Amino acid sequence: GAGVSQSPRYKVAKRGQDVALRCDPISGHVSLFWYQQALGQGPEFLTYFQNEAQLDKSGLPSDRFFAERPEGSVSTLKIQRTQQEDSAVYLCASSHRDRGNQPQHFGDGTRLSIL
Amino acid sequence: AQTVTQSQPEMSVQEAETVTLSCTYDTSESDYYLFWYKQPPSRQMILVIRQEAYKQQNATENRFSVNFQKAAKSFSLKISDSQLGDAAMYFCAYRRMDSSYKLIFGSGTRLLVRP
């Protein structure tokens with residue numbers, strides 16, 4: 001596709017369940033980012049990949065959060081033993097080259113609701 | 001650490017009029033990038049305009065322009081001839097020039113456009 005694709009668009013889970021969120025970046029984009037956006041707030045950085053290498057995971061809030069990009073394209077954000085505070089929109093973004101002036105292109109996000 | 005502040009939670013403008021959204025930031029870096037993103041209810045973050053800190057000239061994209069005051073660390077967005085489709089959340093964002101490529105967002109300003 002032409003843009004960043006995220007699935008599912010909505011996810012409802014019970015507290016304690018594991019969830020997996022998928023991001024399909026724009027073809028050829030080297031850099032991939034995950035952000036967490038709480039209701040009424042700006043997005044906050046979670047983690048960054050350059051190809052398959054996870055170069056920065058400083059934003060992951062706990063060891064329940066895990067991200068991977070094994071072949072340097074599709075990425076999965078996994079949250080184990082979900083808690084209510086994990087409820088948020090999870091945004092994925094990709095950019096063409098590993099240079100600061102390349103804009104990040106965002107997907108529509110996954111809205112995660114933990115009951 | 002870098003921070004981005006948007007002090008206007010909500011702004012309202014009459015259709016065809018001009019509105020200015022404020023943004024201030026804090027950094028010790030001399031070179032960096034600043035962005036304005038638009039987020040409609042569809043949740044996708046759309047890049048509106050970008051400014052490189054080393055450029056003194058203010059960026060312009062059609063009806064959108066910025067007032068970049070580097071010494072004051074201010075980066076406001078002016079929307080001219082406002083249209084109903086401009087109604088959305090607007091986020092100011094900062095990005096370093098080095099290998100830390102994450103975006104740092106403000107808390108956003110909701111723009112309402114009155115017909």
Verdict on A:Ser75 being crowded, with 17+ Cβ neighbours inside 10 Å, at pLDDT below 95 and touching a strand residue (DSSP E or B) at 6+ places or on another chain (Cβ under 8 Å): no
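Residues are listed down the side, and each one gets a yes or a no for (1) buried (at least 17 other Cβ atoms within 10 Å of the Cβ); (2) within 15 Å of the chain's Cα centre (by Cα); (3) modelled with pLDDT of 95 or more:
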position: B:Arg63; (1), (2), (3): no, yes, yes
position: B:Leu84; (1), (2), (3): no, no, yes
position: B:Tyr90; (1), (2), (3): yes, yes, yes
position: B:Asp98; (1), (2), (3): no, no, no
Filter the range A:30-42 down to the residues that are more than 11 Å from the chain's Cα centre (by Cα), buried (at least 17 other Cβ atoms within 10 Å of the Cβ) and touching a residue at least 12 places away in the same chain (Cβ under 8 Å) and list them by number. A:Ser31
What about A:Leu112, is it crowded, with 16+ Cβ neighbours inside 10 Å and either within 30 Å of B:Ala53 (Cα to Cα) or over 10 Å from the mean Cα position of the chain (by Cα) (or both)? yes
Any idea which of (1) within 14 Å of chain B (Cβ to nearest Cβ); (2) closer than 23 Å to B:Gly108 by Cβ; (3) surrounded by 16 or more Cβ atoms within 10 Å (Cβ to Cβ) is the one A:Ser87 doesn't satisfy? (1)
Failed condition for B:Glu15, given (1) surrounded by 15 or more Cβ atoms within 10 Å (Cβ to Cβ); (2) touching a residue at least 60 places away in the same chain (Cβ under 8 Å); (3) not basic (Lys, Arg), with all others met? (1)
Residues of the range A:1-23 classified as in a loop (DSSP other than H, G, I, E, B) and touching a residue at least 40 places away in the same chain (Cβ under 8 Å), total: 9
In the range A:24-115, which strands (runs of 3 or more DSSP E) lie fully inside it and hold 3 or more residues that are aromatic (Phe, Trp, Tyr)? A:31-37, A:44-50
Among (1) out of contact with any Lys or Arg (no Cβ under 7 Å at 6 or more places or on another chain); (2) without any contact (Cβ under 8 Å) to a residue 60 or more places away in the chain, the one test that B:Thr3 misses: (2)
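The values are calculated or read from the model by the stated rules, or taken from the named source; none is laboratory data. Keep in mind that what you see is a predicted model, and the values were worked out from it rather than measured. Ideal geometry is used to build each Cβ from the backbone, glycine not excepted, and the neighbour counts take in all protein chains shown.
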